[in-house]
Structures are given as structure tokens and as C-alpha cells.
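Remarks on the structure that follows.
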Amino acid sequence: MNSIQSLLIWSHENLNTQKNIADTVEKLHQASLKPELDLKSKGLIHYYLALGYTYLQNYNEAQPQFLAAVNTLYFDDILCNEVLLKFISFAEQLGLLEFTQQLCEAGKSRFPGDHYFETKHTEISNKLKAFHYAEQSNLNHWKEMQEQGYFDHHPHYQAEQGLIDHGNEAEFIQNFCPLNTNMQVAVIGCGYGRESKLIAPLVGKIWGIDVSKPLLERARQNLVSAGIHNFEPVLAEEWQQKVPSGIDLVFSYTVFQHLTKHLVTEYIQGFAEKLAPEGQILCQFMHSPSGTFDAALSTYEPHVSWTPEEIHNLLKLSGLELIHLQTLQVDPVEKIDWIWVHAQKSTQAI
């Protein structure tokens, strides 16, 4: 038994038990660079890499490995069929409908007349047509997460203050935008009211937006118990109707990396229209090579990476002008950066 065969057996066992996934992926990646691989070994390495990246929720890396495995194993009917069926099941479970459709098309091409690929392709195509908005927003998945106790069990939300590294939210905000008691503020993803509790005493009115009524009620009670009565909770699907125009500041922290880019765009563009003439936005994005290009439509905690170029384009499309972009490295090992974006309504839009 040669080293590649041993690696494939070892990888198969690890992936079946979901143990040592990161180490398995690294060893498979190194093996994939060897020029002497036969087609079957190369195809299986792509196959196992795709599974490994999927378990690591790194879908940007998983998808090209899926396609490489299918293309490499094209010569083997049984293996190619097995791989396609496995990947279609994975992609559909993860809510990657367009990729599922792409795999079904590959199956139809490779196995013409196969009833499964024909039927599944039609089913996925109908889902894409019927749920155009749903395929771009993971709001309902976050509702499910909240119902399952996400905020109660996540260690980050046990902290009384979120921006521990920066003192507290109110002080951090005032480095960018001084707060005063005439200001109208909206907080996207207010959670239990952690940020709102610190900001509210310094402003006139604050609207806190999040995904569920129990969560928002807990936030309201949190502020009332502190003697704060200028906080208004707003459900995420109702903010466009409930939050008025004339907002002076929109704030969001550790939220956008958990949402689809379509949903983030909807927030930024929608609030750009609600800003007062001198209104500002102060929001945090994540940038990391370990992040994904976008959030999959399933019930999990995504980590979506935004590039500075994407952020600049988003601001431009929203009619906003960048005042300042600040990058803070929060994890040097994983190379995770927080990108703080301070923007205002474009003078051309006023």
C-alpha cells in the first residue's frame, strides 16, 4: 500500500467520524499538489477535500473541489454517480440552491435519462423561482437559531459589554461620531440590548432591531430595569415600516458577518434612505481568509468575509460617502480583521 492509498484510507475514517478535519484537509491539500497522481486518486482527494471543507463550513473552497471531483472521476460511472448524489444532498441541505442546480445539470449531462437528476433539477429550479427573496436572506434561519437558544448559549453574549477591547460601545462610537440627546439612533442586531443600554442615555431615541419578539422583550426589560425608557424594539422584518426617517446614526457590531450579503445590502441601502441630511452609519464588517463569500441558507452561524472593495461598492450603490475605514486585527492566528466603516449620506444625494 503506497502513501496516497494510506492517506485516502486515513482521510475516509476521519471524515466519517468528523475527527481531525483541519489536519485531514491540510494533508489532502499537500497530496493534491503531487504531479504523479493517477486520475482515481486525484478524484478521491478532491472528493475528500470537498467533504472536509464542507464540515469546516468553508463553502468557497468546497465548491471548486466538488466540481473537480466530478470532472476527474468522469470516467468511473459508479464513483461519479456516488459523488454527484453525495454532493447534491450536501448542497441542498446547506441551502446552496444554485450550486445544487449546477450539480444536477452535471448529473443530467453525465447520466442522460437518469430519472433522479431530471426530477431533482426540476425541483431545485422551481425552488429558485418560487423563493427568489428567501434564497438571498437568512433571516428565517436566525429566527430558528434564536428559538434554539443561540443567544443564551453563545459565550460572546454573556459579556455585559460587547466591545470589551474598546472600553464600551458608547465611548467607541464617540471616537467617530459624538452623541447628543437630540439624536435618533438605530441599532441593527440589538440582541439583549447590550449596546443600546450604553448608548440610550446619551441620545434622544433608540430603535433596536432583531429577529424575535422574546429577544426584543428581554432587551426592553433590560433597559427599563436600568431606568431607560427611550428604547423601542423592532422586529427585523418590520424595520422598514417601524423605523422613521430622520435617523442620525445607524450602528451595528458583530452582525453583518452572520448575514447574507443581500440582507446586509438591504439594511445599508434602506437606512441610507432613512438618514437625516447629516446622518451617519457606523457598522462593523469581518474580513478573513477563513470566512466564506456568503452565508449559506441553513441554520448555523455563518462567518461571511467582506473585502474593502466590496464595502466601497456597497456604499457607492447606497448613495453613501466613506468618512473613515478602520481595520482592527482581532485574531492574528486566523487573520481575522474587524473593518469599521464610518459613512454619511452623499452630498450629491442631499
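Expressed as a rounded percentage, what relative contact order does region 1-134 have, with Cα pairs under 8 Å and six or more residues apart? Normalised by residue count, the contact order of region 1-134 is 15 percent. When the pairs LYS40/LYS120; LYS261/LYS316; LYS120/LYS261 are compared against a 24 Å limit on Cα-Cα distance, LYS40/LYS120; LYS120/LYS261 fall above it.
Could you tell me the center-to-center distance, by alpha carbons, between region 317-343 and region 178-211 in angstrom? Going from one Cα centre to the other spans 21 Å. Hydrophobic long helices, here whole DSSP H runs in the chain with Kyte-Doolittle means of at least -1.0 and Cα atoms spread over 15 Å or more along the helix axis, are found at 3-17, 21-32, 39-55, 59-72, 77-93, 97-110, 213-224, 261-274. For region 1-131, the spherically averaged projection of the C-alpha convex hull amounts to 8.1 nm².
Residues SER89, SER6, ranked from the fewest to the most other C-beta atoms within 10 Å, line up as SER6, SER89.
Once every DSSP H run of n ≥ 4 in the chain is given -39500 (n - 2.57) and the sum is divided by its residues, what mean residue ellipticity at 222 nm do you get, rounded to the nearest 500 deg cm²/dmol?
Values: 15 runs with 170 residues, N = 350.
Value at 222 nm, helices only, nearest 500: -15000 deg cm²/dmol.
Overall size of the chain from C-alpha positions, given as principal axis extents largest first: 73, 42, 40 Å. Here the residues CYS80, CYS190, CYS104, ranked from fewest to most Cβ neighbours within 10 Å of their Cβ, fall in the order CYS80, CYS104, CYS190.
Name the trypsin sites (Lys or Arg not before Pro) in region 254-350 that are in a loop by DSSP and that have at most 13 other C-beta atoms within 10 Å, would you?
Details: sites: LYS261, LYS274, LYS316, LYS335, LYS345; in loops: LYS335.
Passing sites in region 254-350 are LYS335.
Under 16 Å of direct C-alpha separation, and excluding same-chain neighbours fewer than eight residues apart, LYS213 reaches these aspartates and glutamates: GLU144, GLU147, ASP152, GLU232, GLU237, GLU238.
As a proxy for reagent exposure, ranking HIS46, HIS258, HIS115, HIS324 by other Cβ atoms within 10 Å from fewest up yields HIS115, HIS324, HIS258, HIS46.
Throughout, read-outs are computed from the coordinates displayed, never taken from laboratory work. Note that the structure is predicted; figures quoted are calculated from it, not measured. Positions of Cβ are backbone-derived with ideal geometry, glycine not excepted, and every protein chain shown enters the neighbour counts.
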